[in-house]
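Take a look at the structure set out below.
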Amino acid sequence: MTLRVLHTADWHIGQTLNGWSRTFEHQAFFKQLTELVKAHDVDALVMAGDVFDNQNPSADATRLFYEALAELREVNPQFISVITAGNHDPAGRIEAPGVLFERIGVHALGMVHRHDEALDVDRHLVPLAGKDGRVEAYVLAIPFPRASDLPRVSEEGETEGSVVVRAVRALYEDAVARARERIADAPLIVTGHLHVWGAEESEGAERRILVGGEHAIPHSVFDESLAYVALGHLHKPQKVGRETIRYSGSPFPMSVTEQAYQHGVVLLEVDGDKVTWERLPLERPVPFYRLGKGEGLQLDEVPGALDALGLDEDLPIDQRPFVHVDLKPQVSGAGLRAELDRLLEGYPVRAAGLSVVSKDRSAPEITEAEALVRLHELEPVDLFKTAFEAAHGVAPEASHLELFHRAAAEIE
């Protein structure tokens, strides 16, 4: 019998964008998720981390999460949800409703559990059964690996990767080996919330999260025998290394860098030893526009660009489109933002921010090593000046520098 599993990640419940709530979009996403489960007769959900947007989610955000899980169970009384924590999540709170979760088929893993210093396979290995009750596949649920989750590895005699990369490899090798002792060669899906080498980041949206500032791990960490690797953390949907190692991506744009993404979830079908997949697109609950992308606009061009969108004046505030504007350098930095805000207030939109297009688009590229050397040579005030001009298109004024020096003095 064919088993159908949905892979999703990076919900970031409770997120705000430029101060605007995303609750309406999350509600619409969960409604779509439930409809997809019905339409495709899905048996299980695998969520690969970042359920919430911060370590202290509000009561409303937590309630929205619980309601979504309960709704999925109502669609299918045998439905299984496997939830793993990401770097944004409060690991303990993800697991806290454990007994209640079990009664609605939810397996939540916030941290790596061990028994006598060995991985507790009973906690991390989740069987997935089809409509007839037969187990067709398993999920090895591994959350974001925090420092305390990683095994100790020797710092001597190894040449591949840093100590952190080797520790992550050891964690997955041990987990898969212990799972195989239980399930032999049955189809095994593994989760991961981390950055895999070669994957494309969303600029400014995702942090480099491995312990010690380590950037990423090689895809070879994931054993060739795995049926599928369900990844989270990077918001762009993509494969990495192999067809079966995939990021599902975020459900809708969390920042302007995701504005052009085609958001969706991954539907897996397990039929004996054969595993196939397809992407199911998600409708965007709220439009997200980027005006003047690339070249930038003059302020007096913004009203015409907004008029061309054909905006609905009657939309409730939480359904109004987000608008990010790329501007050419003009007037002072502070004045630019104030003028743009004034213009946007006259339209049924929500301001998602602005970017100032660099005046010098022909500057030569430098390598990462060169950039680090230059960074080392700069004083903090120089970095502030560079960042200010990049954001506003003009150099900071005396008042800005005074505020910077006052803040720096408080830190010292």
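A compact table of results
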read-out: The lone exception for residue 57 - which of (1) assigned to a loop (DSSP other than H, G, I, E, B); (2) under 19 Å from the mean Cα position of the chain (by Cα); (3) within 20 Å of residue 277 (Cβ to Cβ) it fails; value: (3)
read-out: Residue among 252, 322, 288 that alone is of a type in the set (Phe, Trp, Tyr), farther than 30 Å from residue 5 by Cβ and touching a residue at least 40 places away in the same chain (Cβ under 8 Å); value: 322
read-out: Scope segment 8-17; condition within 16 Å of residue 34 (Cβ to Cβ) and in a strand (DSSP E or B); matching residues; value: 8, 13
read-out: Tally, over segment 1-16, of residues that are out of contact with any Gly (no Cβ under 8 Å at 6 or more places or on another chain) and either on the phi > 0 side of the Ramachandran plot or buried (at least 20 other Cβ atoms within 10 Å of the Cβ) (or both); value: 9
read-out: Filter result (surrounded by fewer than 19 Cβ atoms within 10 Å (Cβ to Cβ) and either within 22 Å of residue 350 (Cα to Cα) or touching an Asp or Glu at 6+ places or on another chain (Cβ under 7 Å) (or both)) within segment 262-274; value: 262, 267
read-out: For residue 83: the one exception among (1) over 21 Å from the mean Cα position of the chain (by Cα); (2) under 15 Å from residue 265 (Cβ atoms); value: (1)
read-out: Residues located in segment 278-305, provided they are within 20 Å of residue 17 (Cα to Cα) and basic (Lys, Arg); value: 284, 290, 293
read-out: Whichever residue in segment 152-165 is surrounded by fewer than 20 Cβ atoms within 10 Å (Cβ to Cβ) and at pLDDT 80 or above and, among such residues, is farthest from the chain's Cα centre (by Cα); value: 163
read-out: Residue satisfying all of: in segment 303-337; of a type in the set (D, E, K, R) and part of a loop (DSSP other than H, G, I, E, B); modelled with the highest pLDDT among these; value: 320
read-out: Matching entry among 199, 230 (being assigned by TED's automatic domain parsing to the domain that holds residue 249 and modelled with pLDDT under 90); value: 199
read-out: For residue 29: the one exception among (1) in a helix (DSSP H, G or I); (2) surrounded by fewer than 18 Cβ atoms within 10 Å (Cβ to Cβ); (3) not aliphatic (A, V, I, L, M); value: (2)
read-out: Meets criteria (farther than 27 Å from residue 229 by Cα, of a type outside the set (A, V, I, L, M, F, W, C) and outside the structural domain of residue 350 (by TED's automatic domain parsing)) for residue 10; value: no
read-out: Identity of the residue in segment 278-329, of a type in the set (Val, Ile, Thr) and under 30 Å from the mean Cα position of the chain (by Cα), that ends up surrounded by the fewest Cβ atoms within 10 Å (Cβ to Cβ); value: 317
read-out: Checking residue 64 against (1) surrounded by 19 or more Cβ atoms within 10 Å (Cβ to Cβ); (2) in contact with an Asp or Glu (Cβ under 8 Å, 6 or more places away or on another chain), the condition it does not meet; value: (2)
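The rows are residues; the columns are (1) at pLDDT 95 or above; (2) out of contact with any Asp or Glu (no Cβ under 6 Å at 6 or more places or on another chain); (3) over 28 Å from residue 264 (Cβ atoms).
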residue	(1), (2), (3)
54	no, yes, no
78	no, yes, no
123	no, yes, yes
127	yes, yes, no
148	no, yes, yes
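The values are calculated or read from the model by the stated rules, or taken from the named source; none is laboratory data. These numbers were taken from a predicted model, which means no experiment stands behind them. Note that each Cβ is placed from the backbone with ideal geometry, even for glycine, and that neighbours are counted across all protein chains shown.
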